[in-house]
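Engineer: Next up is a structure, given as structure tokens.
The values are calculated or read from the model by the stated rules, or taken from the named source; none is laboratory data. This one's a predicted model, so the numbers in the text were calculated from it and none came from an experiment. FYI the Cβ positions are ideal-geometry reconstructions off the backbone, even for glycines, and counts take in every protein chain you see. When the accessible area is computed, the model is the full protein with side chains, heavy atoms only, and any ligands, DNA or RNA have been set aside. Shrake-Rupley method; radii C 1.70, N 1.55, O 1.52, S 1.80 Å.
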Amino acid sequence: MPRALSALVGLGLAFAATSAAADERHVFERCEKAEIEVVLGAMGSASKISLQAAVSIGDTPEFRRWFGPYSKENAGIVRAAFKSIHAALRDQSLKIVCANVGEEDCDAQMYANVWSHDAYVINLCPAFFGMPELHVHPSTSVRMENGTREGTIIHELSHFDIVAGTEDICYSRPACAQLAEFDRVVLVRNADSYQYFAEDVAYLRASR
């Protein structure tokens, strides 16, 4: 084998070994190498901000904006849900399926989906990989209207019955803020509320 090719093969094996070590806890199906790296980065950040969110629960503008009227009972539900989300990211083996449009119920607009009873299996649609990363855009940017990759991971994990059993009561920042902050609907079972709260807490902490 030529020396140059031998060196490339050696580098390839080293990279594969490193990747395998990083990925050994999780299962990736139909995902390209670059997609795996994106997802691992998003999961790592989601773990961090879900913990930040759990310890930031209180009678704050952010809580009322995304979950509606504050009460100790509502706060307890939200705190427990974030702790379960963080524990899932910290301790569980996730199965990530990178699906094409037309597969796993993905369409061109959908970012991801799960079956709530099928714990820790997340289908990521092509649109997920076009979502912004946390802190790439200002929190007020129109690009943030549907959240981030990290927030989407939190959203999907919250759906699992074994985690928080959330539903899709509303989608998008404007729609959910209208319901919670202005119509005063209690949204402690809404998946997007967890996503947006965690993202906003992350931005607040970064600005301090």
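Engineer: Regarding segment 78-94, can at least one residue be identified that is out of contact with any strand residue (DSSP E or B) (no Cβ under 9 Å at 6 or more places or on another chain), crowded, with 19+ Cβ neighbours inside 10 Å and of a type in the set (Val, Ile, Thr)?
Structural biologist: yes
Engineer: Would you mind listing the helices (runs of 4 or more DSSP H) fully within segment 100-208 where at least 3 residues are open to solvent by 20 Å² or more (accessible area, probe 1.4 Å) and farther than 18 Å from Glu29 by Cβ?
Structural biologist: Filter on segment 100-208 gives 173-177, 191-207.
Engineer: Against the condition of a type outside the set (Asp, Glu) and in contact with a helix residue (DSSP H, G or I) (Cβ under 8 Å, 6 or more places away or on another chain), how does Ala80 come out, does it pass?
Structural biologist: no
Engineer: Provide a single number: the residues in segment 60-70 that are part of a loop (DSSP other than H, G, I, E, B) and either hydrophobic (A, V, I, L, M, F, W, C) or open to solvent by 40 Å² or more (accessible area, probe 1.4 Å) (or both).
Structural biologist: Final tally of qualifying residues: 1.
Engineer: Do we have any residue at all in segment 181-189 that's touching a helix residue (DSSP H, G or I) at 6+ places or on another chain (Cβ under 7 Å) and closer than 17 Å to Leu89 by Cβ?
Structural biologist: Among the residues of segment 181-189, not one is touching a helix residue (DSSP H, G or I) at 6+ places or on another chain (Cβ under 7 Å) and closer than 17 Å to Leu89 by Cβ, which makes the answer no.
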